Structure formats: structure tokens, C-alpha cells
1. If you go through region 64-79, how many residues are touching a residue at least 24 places away in the same chain (Cβ under 8 Å) and under 19 Å from residue 126 (Cα atoms)?
2. Do we find a residue being of a type outside the set (A, V, I, L, M, F, W, C) and at positive phi anywhere in region 35-43?
3. Quick one: is residue 60 outside any helix (DSSP H, G or I) and either modelled with pLDDT of 90 or more or surrounded by 14 or more Cβ atoms within 10 Å (Cβ to Cβ) (or both)?
4. If you go through region 82-97 one residue at a time, how many are basic (Lys, Arg) and part of a loop (DSSP other than H, G, I, E, B)?
5. So is residue 14 hydroxyl-bearing (Ser, Thr, Tyr) and either at pLDDT below 90 or more than 17 Å from residue 119 (Cβ to Cβ) (or both) or not?
6. Just checking: which of the helices (runs of 4 or more DSSP H) contained wholly in region 98-193 hold 1 or more residues that are within 24 Å of the chain's Cα centre (by Cα) and modelled with pLDDT under 85?
Amino acid sequence: MEFYERVSGARLHSAFIKPASYDYPLSASLLNDILDFLHQFSSRIDEIEELLTINRILRNRLCNVGVISKSFALTYAFTGPLLRSISIPWDLRKTRPYDFYEKLKFNIPLGLYGDCYDRYLIRLWEMRESSLLCTKLCELLFPWVTQKDIFMENFLSKKYQINFSRAAIKTSMEAVIIHFKNFSKGFFVPKGF
């Protein structure tokens, strides 16, 4: 939530995507902080795994408990870790990729027995895979972040007449008119922006 707030300006009601505004820029320092967190997070997953995965008490409580059969799961349209715990590799990011997922390589964690222990292992593996995905994306964003200042400076210039601060809108009639025109009928974004 801290990173989300740093990028969007709020924890619950983000205000990141606004025309003519870039109040909370994605910065190299934020990406470095995210990478530091991911590095620490992977060591925490290791600690959880060392503590719980081979623990006899946990295994006795989770193995052969809540076993799901393939026919039952398909009949009741299970999704997510429940479906993956019975060796069905259904993950929308792979089967119907959206956004940038088709360009990323990652594994789908699968179970064998469909019990609670398999679902626990799948969750651990998913945390590891998510951490790797976030690391890859941060590394891909670094070159973009270094170019963002040039991009934003060109796009939000007076040439396109869409960048007026709140102070300008309160003091300039021209700014109010341009603001009204841009946000009521839209504005043209040049190719390449």
C-alpha cells in the first residue's frame, strides 16, 4: 500500500491517471525501493518455508484435508489456486493474456493432490513468481523512468495547451476556457506520445 500511495497519491482512491497531470511521478528512487522490498520479501518467503513447509504438525493438518477432485472443481467452476491444486494450469495471464503478460515468462504453480497442503505450496510459489515478475517489470521500467521527464515536458507543454495548474485555473479566464474545452470534448494526443 505504501508504494501504491507513493505513485497514485492515495491508498484507496487513486488519482494517478488524469489528463494533463502527473502529480506523483514514477521515479527511479521508487523503483529502487520496490526492488529492495522484493529482495527482503523473498528472504521472508524463505523463512516461512523453513518454518512451515516441513513442519510435521502443519503437514498432518493440511495433507489429505479438503481434497478436491477434477470433476468436482470443473462442475462448480473453480478458479485460481483451487483449480491449480488439481494440476489444471488455468491462469488468465497465460491463457488469455492482457496488458504486458504475453511478453513475460513465468511459471504457473500446480499441485498434485488437490488438498490444503497443495494449496499452501501453490500460494508460496505464487508469492515467489509474483516477486520475480515485479522485479522484471521494475527492471523494464528503469529506461522509461529516465526518459519520462523529457516525455512529460513535451506532452504537458503549452504547445498542446492542456497543462494548467489549479492556481492558473483560479486566476486566468483563458485557463478556465481551455480546461473546460479539453475536459468536455476531449483533446488530441499526438502520435508517439
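The values are calculated or read from the model by the stated rules, or taken from the named source; none is laboratory data. No experiment lies behind these values; they were computed from the predicted model shown. Cβ sites come from the backbone with ideal geometry, for glycine too, and all protein chains shown count toward neighbours.
1. Within region 64-79, residues that are touching a residue at least 24 places away in the same chain (Cβ under 8 Å) and under 19 Å from residue 126 (Cα atoms) number 0.
2. Residues of region 35-43 that are of a type outside the set (A, V, I, L, M, F, W, C), as a first pass: 36, 39-40, 42-43.
Subset that is at positive phi: none.
No, because not a single residue in region 35-43 is of a type outside the set (A, V, I, L, M, F, W, C) and at positive phi.
3. Working: outside any helix (DSSP H, G or I): no; either modelled with pLDDT of 90 or more or surrounded by 14 or more Cβ atoms within 10 Å (Cβ to Cβ) (or both): yes.
For residue 60, the condition - outside any helix (DSSP H, G or I) and either modelled with pLDDT of 90 or more or surrounded by 14 or more Cβ atoms within 10 Å (Cβ to Cβ) (or both) - is not met.
4. Number satisfying all stated conditions: 1.
5. Numbers: hydroxyl-bearing (Ser, Thr, Tyr): yes; either at pLDDT below 90 or more than 17 Å from residue 119 (Cβ to Cβ) (or both): yes.
Yes.
6. Values: elements: 116-155, 166-171, 173-185.
Of the helices (runs of 4 or more DSSP H) lying wholly inside region 98-193, those with at least 1 residues that are within 24 Å of the chain's Cα centre (by Cα) and modelled with pLDDT under 85 span 116-155.
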